[in-house]
Structures are given as C-alpha cells and as structure tokens.
Amino acid sequence: MQVFVTGVYSSGKTHFARRYAAENSLEYMSFDSLFDYADPNNQSRAILENLPHTFVMDAIPIDESYTWKDFIEYERSHPVTVICVYCPDRRLWLQRIQEKKLQRLLGHRTGILRVLKAQSLLGRKLWHQVSSMPGGSARRIWRLARRWRSSVKDAEDIISGIDERKHLKAYRRFFSDNLPALSRFQSVKYFDSQQDVFTSKEEMLNGIGYRYFALEDHLVGAHEDYDIGYQDIELIDFIGYTASYKTWDNIHSLVDWRKKRVVDLGCFHGYFAFKVEDSGGIAHGLDKSAAALTTARMINDLRGGKVVFTEWEGGGRIPDCDVILCLNVLHHFDDPEAALSMMGARQAVFEINRDQMDAIRKHFKIVKEVDSHRRNRTILLCERSNASQSAT
C-alpha cells in the first residue's frame, strides 16, 4: 500500500499520516524532510523514484501545486491512494494557526508552543516549565495564551472582517489549482480531522466553504510573503541573520534614550523600537509591510504592549518626536530627499550607504560618525537646527 496524505496548512494532515501509518503497519515518511524548498527543480521526481514499496507519506500542501505533476505521473504506474485531510471547524483551525505561527516566529527551540499547549491541554501542570523565564516573560506569555485561547471564539468575526476580494481570490485559486489536481488521481479519499471520519468530496466542500481558504490566506500571508528572518527577534530565543544587535551596540550610547519620543522608520519587526523602549524611551515603529507589522505586534504583545506600530510609506508624514531612527532603510524610499525633508526631529540616527552622506548633509548637521558592521555603510548621529525643541 502506498498513501499520499495532503491538505492545506494546519489541516491536521501530519497527525493523521503518522497515525494512519501506525495503524496499518506502514512506514511513515515526511515529504518536507526530503524536499529542499530552496532548490525545488526536479526534486519531487527524484524523491518519488526512490520510494519503498509500502509507505504513508505526509505529502505536499495542496497550495504548492508546482510538484503535483510529478505525483500524478507517479500514480499512473503505482497503486497510490491520496487522502486529503481538512478541518471544517475554523475556530479550531485558527487556534492551530496561532500556535504554528508563533512556533515559526520564535524558533522551534523555544517554549512558547509548549506554553500554549499547556494552557489548552494541561492547565497549570506545566507552569513550572516556563516560570523560570527572565524578565516576567513567562507571566506575559501565560496571559497572552489565555487571551488567544478565548479569542478563538471570535473566529467568525475575524472571518467576516476579511476583504471580500480575498475571499474570491482564494476561492478561485482552490478550484482552479487544487481540486482539478486532486481529481486527476484515480483514488482520492477525504478525511475530516475534526470529526475523525472519512467523508466525501461534497461533504468536504460543504463543510469548509471558500471562507476556510480565505482565512488561511489571510492569516498565513500567502499573498504577503516576506523574509521573516531578515531582522533579529530577541524574546525567549533568538532568530535572524542580519546581526541587528551589532547596529544597536554601535548606536545605543549615541543618544540618551530616557523619556525621549523615538520614531523608528522602516521598523520591520520593531527590533530597535523595542531596544529604545528597554532603554527608557517611548517608541513608535513605522513600516509599509503589513505582514512585518503583524509580527512586530505579536512580539509587542509578548513584551507587554508598550510600543506603537503604524503602517507608513517612506516620504509620508512622521509623528512628532525627539529622535528619528533611519537604519538601513533610506535607500528603499522612492524619494529619499522628500523623506529627509519630512524628518523634523532635533536628532536623527542614520545607518546608510556611504554615497548617501551628501543627501544627509543637505538637511542635517553630522555630529558623529561611527563605523557600521555592514559593508560600505556608516552610522551617523545628526542634529537639525530648525527642528522643534524636544519634549520636556
């Protein structure tokens, strides 16, 4: 027997595949562990050519259709059964999304997923596992877990708030890409992971409706993909590859942050805004990426919710403040000169390409220059003589 198990993100397909393999004395295989998503060319075909005679494979999600043709071709000459797993209860599915997104956000080595599961499954029996976290993080995480646990009840409100165009776009994508692919297999079964029963294609469609896919699209960010590892995240664990902490090491002593109103332009995950808040400042992060700001707000909730984040385009109005942070973002603005003219704070800290220094001099007086750890960049502490006085 050869079985492919598939389904959308957080549908419960992995749990089902493991159990199905155990119950039928079959070898369990994970497609994700075999497939290198960074280099997808022809890999699925190579994997399929080396499969054992009997197995249950936790296969590709149905929204990654670029490998379906290889699975379909394989099935033409092999007795394969395809099982599509789905979860019709959007509230339960939303909870899975929250847990998995936090796991991905904070890294697989952290304790946050364990805390969420402790809250939902074991109550306070696992409280001792997180009570030793520094800085009160454990209690904040526990409170957040409780709040998210209760927010699952409001899933219908979240669904109804999604833009109707996203409903229709996801609906069309499912029917145009995924169902035709499934229908090309000779043997397809459908499994309701909530009721723990096999169903029919009609029951699946009636059970989930197109809103299910729109909600997945909205929360997981299928149309708002971005590099989540670009900026460091420091919370329980550490992830990120740009060494933002080195920039902070270089700038933290340039300004007395205490009680200063600081605006971080292009804040991304809010790393520097959080550092300012930790140093006694009042931080406000601005960024054009709604997906990055969603991550920043999740981190902010875990930290106590003191930083404000706002969606903003470079060159737009900047809130009144004492200090502006413009770190590794000026070259991304459509009109850097216009953006500089909008910076009315008395002080500004830049990390820029060296060829942008002349543009800075048109608007600011350079008080101090510090080496950057980034190639061909420099750090500048600047003052603007015509800026309004800082708040007292």
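Every number in this text was worked out from the coordinates using simple rules, so none of it is lab data. Please read all numbers here as calculations on a predicted model, not as lab measurements. Because the Cβ atoms are built from the backbone with ideal geometry, glycine has one as well, and the counts that use them run over all protein chains shown.
Couple of notes before you dig in:
- When each of LYS13/LYS275; LYS306/LYS362; LYS259/LYS368; LYS260/LYS368; LYS260/LYS288 is checked by Cα-Cα distance, pairs over 29 Å: LYS13/LYS275; LYS306/LYS362
- Shape class of the range 259-312 from the Cα gyration tensor (axes a ≥ b ≥ c, square roots of the eigenvalues): oblate, since a/c reaches 1.5 or more and a/b does not exceed b/c.
- Ordering 265-271, 357-363, 243-249 by mean Cβ neighbour count within 10 Å, with the highest value first, yields 265-271, 243-249, 357-363.
- Fully extending the segment from ARG184 to HIS363, taken as 0.36 nm per residue of separation minus the present Cα-Cα distance, adds 58.1 nm.
- THR14/ASP278 FRET efficiency (R0 30 Å; Cβ-Cβ; nearest 0.05): 0.20
- Annotation for ALA243 and GLU23: the two label points, set 7 Å from Cα along the Cα-Cβ direction, are 5.2 nm apart.
- Sorted by Cβ density within 10 Å, fewest first, the residues VAL85, VAL80: VAL80, VAL85
- With R₀ fixed at 51 Å, the C-beta to C-beta distance from GLU73 to ASP301 puts the FRET efficiency at about 0.65.
- Distant-in-sequence amide H partners of ILE282 (H built 1.01 Å from N, under 5 Å): LYS259, LYS260, ARG261, VAL262
- Residues GLU73, GLU23 in ascending order of nearby Cβ atoms (within 10 Å, fewest first): GLU23, GLU73.
- Sequence-distant residues sharing a close amide H with TYR190 (under 5 Å, placed H): CYS84, THR199
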